Amino acid sequence: MHAAQGRAVQMNAGAAVAAGDLLLFLHVDTRLPPGSLEALAAGKDQHDWQAGAFRHRFAATDRRLRLISAVHNLRCRLTRIYFGDQAIFVRRSLFEKLGGFPVVPVLEDVIFCERLRRVTRSVMLRSAVTTDPRRFLHHGIWRTSFRALAILARHSLGLRPDGRGFDDQVR
């Protein structure tokens, strides 16, 4: 399968050909915790989950990165607005009802979760996915964090989020 460039376009294309009732969107630099697929399947049936995500942590021991993850996890627990690197999951029927991820340059995950929040109470699982910190290490931990906050602030104010610097390839 081939999809045009763009994260939302590619995730929507993947969802269109997926076979399951529960869709899981996993960034390439993020790893699921052991047993998470089984836990998702069991939780979906036992708790009637409609959507949710995992807690987040970086694959590094730097205290600043641990602090960023802790603050991020608290924000997500309170707002139910997740980032894509938290492995967002959603029932197919709800994903389709909401029209999938919006095709925007940045914050497709945040905008999608804002839509989710209007129709269901998503869950944040206790287990954590692990994300590669290379972008934070390459651009600077605090600089990258403040850049992300500025993008979110612009979005919150109704301004067009400027994602420059977040779409570069860091290897």
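The values are calculated or read from the model by the stated rules, or taken from the named source; none is laboratory data. Keep in mind it's a predicted model, so treat the numbers as computed, not measured. Every residue, glycine among them, receives a Cβ derived from its backbone with ideal geometry; neighbour counts consider all protein chains shown.
Residue 55 falls short of the stated requirement of being surrounded by fewer than 17 Cβ atoms within 10 Å (Cβ to Cβ) and charged (D, E, K, R). If you go through the stretch 84-108 and pick out every residue that is among the hydrophobic types (A, V, I, L, M, F, W, C) and either free of Cβ contacts under 8 Å to residues at least 40 places away in the same chain or within 26 Å of residue 34 (Cα to Cα) (or both), you end up with 6.
Residues that are touching a strand residue (DSSP E or B) at 6+ places or on another chain (Cβ under 8 Å) and among the charged types (D, E, K, R) were ranked within the stretch 90-112; the one that is surrounded by the fewest Cβ atoms within 10 Å (Cβ to Cβ) is 92. Where strands (runs of 3 or more DSSP E) fall wholly inside the stretch 1-101, the ranges with 2 or more residues that are in contact with a Ser or Thr (Cβ under 7 Å, 6 or more places away or on another chain) and either within 24 Å of residue 143 (Cα to Cα) or of a type in the set (Ser, Thr, Tyr) (or both) are 51-58.
Could you tell me whether any residue of the stretch 95-102 is under 25 Å from residue 70 (Cβ atoms), modelled with pLDDT of 95 or more and among the small types (Gly, Ala, Ser)? No, every residue in the stretch 95-102 fails to be under 25 Å from residue 70 (Cβ atoms), modelled with pLDDT of 95 or more and among the small types (Gly, Ala, Ser). Selection over the stretch 19-34 of residues that are within 14 Å of residue 93 (Cβ to Cβ), modelled with pLDDT under 95 and either surrounded by 13 or more Cβ atoms within 10 Å (Cβ to Cβ) or of a type in the set (Val, Ile, Thr) (or both) gives a count of 1. In the stretch 109-128, the residues that are farther than 18 Å from residue 87 by Cβ form Cβ pairs under 9 Å with partners that are assigned to a helix (DSSP H, G or I) and among the hydrophobic types (A, V, I, L, M, F, W, C), at six or more places apart or across chains, as follows: 119/94.
Residue-by-condition table, conditions (1) under 17 Å from the mean Cα position of the chain (by Cα); (2) within 19 Å of residue 120 (Cβ to Cβ); (3) hydroxyl-bearing (Ser, Thr, Tyr):
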| position | (1), (2), (3) |
| --- | --- |
| 5 | no, no, no |
| 16 | no, no, no |
| 20 | no, yes, no |
| 45 | no, yes, no |
| 50 | yes, yes, no |
| 57 | yes, no, no |
| 91 | yes, yes, no |
| 96 | no, yes, no |
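Residues in the stretch 50-64 that are of a type in the set (S, T, N, Q) and touching a helix residue (DSSP H, G or I) at 6+ places or on another chain (Cβ under 7 Å): 50 alone.
Output yes when any residue across the stretch 55-64 is in contact with a Lys or Arg (Cβ under 8 Å, 6 or more places away or on another chain) and either among the basic types (Lys, Arg) or without any contact (Cβ under 8 Å) to a residue 60 or more places away in the chain (or both), and no when none is. I'd like the intermediate steps shown before the answer.
Of all residues in the stretch 55-64, those in contact with a Lys or Arg (Cβ under 8 Å, 6 or more places away or on another chain) come to 55, 57-59.
Filter once more, keeping what is either among the basic types (Lys, Arg) or without any contact (Cβ under 8 Å) to a residue 60 or more places away in the chain (or both): 55, 57.
Checking the stretch 55-64: at least one residue is in contact with a Lys or Arg (Cβ under 8 Å, 6 or more places away or on another chain) and either among the basic types (Lys, Arg) or without any contact (Cβ under 8 Å) to a residue 60 or more places away in the chain (or both).
Restricting attention to the stretch 113-152 and to residues that are assigned to a strand (DSSP E or B) and among the β-branched types (Val, Ile, Thr), the residue that is surrounded by the most Cβ atoms within 10 Å (Cβ to Cβ) turns out to be 131. Applying the set (1) free of Cβ contacts under 8 Å to residues at least 40 places away in the same chain; (2) over 27 Å from residue 17 (Cα atoms); (3) β-branched (Val, Ile, Thr) to residue 81 leaves exactly one unmet item: (2).
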